[in-house]
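The values are calculated or read from the model by the stated rules, or taken from the named source; none is laboratory data. The model shown is predicted, which means the values in this text are computed figures rather than measured ones. Virtual Cβ from ideal backbone geometry, glycine too; neighbours counted across all protein chains shown.
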Amino acid sequence: MTERSRIIPPADSQLPGLGRLVVRLDTSLELLERAPADGRPRVLATVVTTTGSTYRKAGARMLIMADGEFVGLLSGGCLEEDLKSHAQQVFASGVPRAVEYDMRGPDDLIYGIGGGCEGAMRVLLEPADPGSRAATALAAAGNATRAGQRTSLVIVHQSRDLQLGTHSAAPPLPANLVAAGQQALAHCASRRFESEDGGQRTQALIQFLAPPPCLLVCGAGPDAEPVVGAACALGWRVTVVDHRPAYAVASRFPGAEVRLADVGSLRAAVDIERCHAAVVMSHHLHSDASYLRELAEAGAPAYVGLLGPTARRSRLAKELGATADKLAARIRGPVGLDIGAATPEGIALAIIGEIHAWLAGRAAGEVAFASSRSAW
């Protein structure tokens with residue numbers, strides 16, 4: 001019988017160039033880095049298909065240790081205990097296995113786990129000890145995305161001939177699966193893969209992985225600390241720049257890159273074109289104007305947030321003069337969602353929340369600078 005293969009795109013997939021910003025807003029690829037470094041056996045659980053309403057979607061992961069400790073979540077807590085039970089079978093046998101959960105309708109109370117989420121998911125469980133195929137594939141994908149590259153993984157969850165589990169999208173996988181990985185890269189979207197040969201079906205999730213967002217914070221004052229902390233907690237790459245030696249201290253911003261640089265040399269100090277968003281928050285009018293001028297001339301990033309009230313924004317616009325036109329479609333100020341924030345932590349939440357929404361293609365907030373200087 002002739003082999004038949006097909007790649008099924010998600011309903012909301014888009015080709016590059018259609019206005020979608022391609023970044024990764026999920027940290028499950030880095031699970032192994034967050035796992036206890038004590039050599040305990042561990043099992044990787046990956047959502048490979050979903051239907052209806054589910055807490056996490058295909059590609060989400062959690063890591064389960066032999067003693068029951070786990071890193072990450074695949075649900076709000078309703079599946080984790082059951083998954084730990086299934087993981088024990090993988091610990092004992094060393095053989096990957098798929099588990100299905102259907103929480104739709106009244107049958108969930110009888111045959112399911114009583115989650116009532118009105119959704120279904122299939123989860124693949126596989127060994128993920130150091131040196132395992134899964135650990136190696138995830139580490140390679142993580143290295144690629146942190147370097148700003150896009151990559152893909154192949155998670156085989158049903159097959160007679162192929163070993164179930166997480167693979168790099170490269171030989172020795174069959175050519176059709178390698179090609180599916182390349183197609184996911186070309187379309188910047190994950191895919192479901194199905195093939196049938198002699199009545200035997202192979203199913204896999206072809207997962208597209210983009211780099212995490214890169215945030216530039218211009219100004220390293222005390223209120224920048226919770227902004228940077230929130231972004232780092234989300235797995236974003238963060239660069240902090242300040243011209244004041246007392247502020248540009250790396251120990252104040254764990255997980256971020258901190259650079260001491262003159263405000264007028266921002267383009268020389270930072271590769272601005274690799275940044276997805278910037279927040280200008282030095283609390284010094286002249287410095288903020290210089291940062292904005294550098295960002296205007298750079299033509300990037302597409303999101304520039306400005307801290308401070310409307311009157312200050314207008315004063316900065318006048319100081320920039322004609323240069324401000326180069327920021328007109330990109331700047332948001334006052335930066336942040338209107339959540340009634342009154343503390344540095346709350347303001348940081350508002351700022352990171354607005355940037356997250358913009359990165360995800362949700363409400364981006366009001367464009368604060370009009371295209372006409374006279375309107376400022």
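Worth a mention:
- Unmet criterion (only one of (1) surrounded by 18 or more Cβ atoms within 10 Å (Cβ to Cβ); (2) of a type outside the set (Asp, Glu); (3) touching a Gly at 6+ places or on another chain (Cβ under 7 Å)) for Leu266: (3)
- Flag if Asp82 is surrounded by fewer than 19 Cβ atoms within 10 Å (Cβ to Cβ) and in a helix (DSSP H, G or I): yes
- Checking Ser282, Ser251 one by one, the residue that is part of a helix (DSSP H, G or I), at pLDDT 95 or above and not β-branched (Val, Ile, Thr) is Ser251 and no other.
- Looking across the range 296-348 at every residue that is outside any loop (DSSP other than H, G, I, E, B) and touching a residue at least 60 places away in the same chain (Cβ under 8 Å), the one that is surrounded by the most Cβ atoms within 10 Å (Cβ to Cβ) is identified as Leu306.
- Among the residues examined, Ala246 does not qualify as touching a residue at least 60 places away in the same chain (Cβ under 8 Å) and not aromatic (Phe, Trp, Tyr).
- Taking first residues from the range 24-46 that are assigned by TED's automatic domain parsing to the domain that holds Met62 and partners that are at pLDDT below 90 and assigned to a helix (DSSP H, G or I), the Cβ contacts under 8 Å between residues at least 6 apart in sequence or on separate chains come to Leu44/Leu31.
- Complete set of residues in the range 115-169 that are in a strand (DSSP E or B) and hydrophobic (A, V, I, L, M, F, W, C): Ala120, Met121, Val123, Leu124, Leu125, Leu153, Val154, Ile155, Val156
- The range 53-79, subset aliphatic (A, V, I, L, M) and in contact with a helix residue (DSSP H, G or I) (Cβ under 6 Å, 6 or more places away or on another chain), residue farthest from Val43 (Cα to Cα): Ala60
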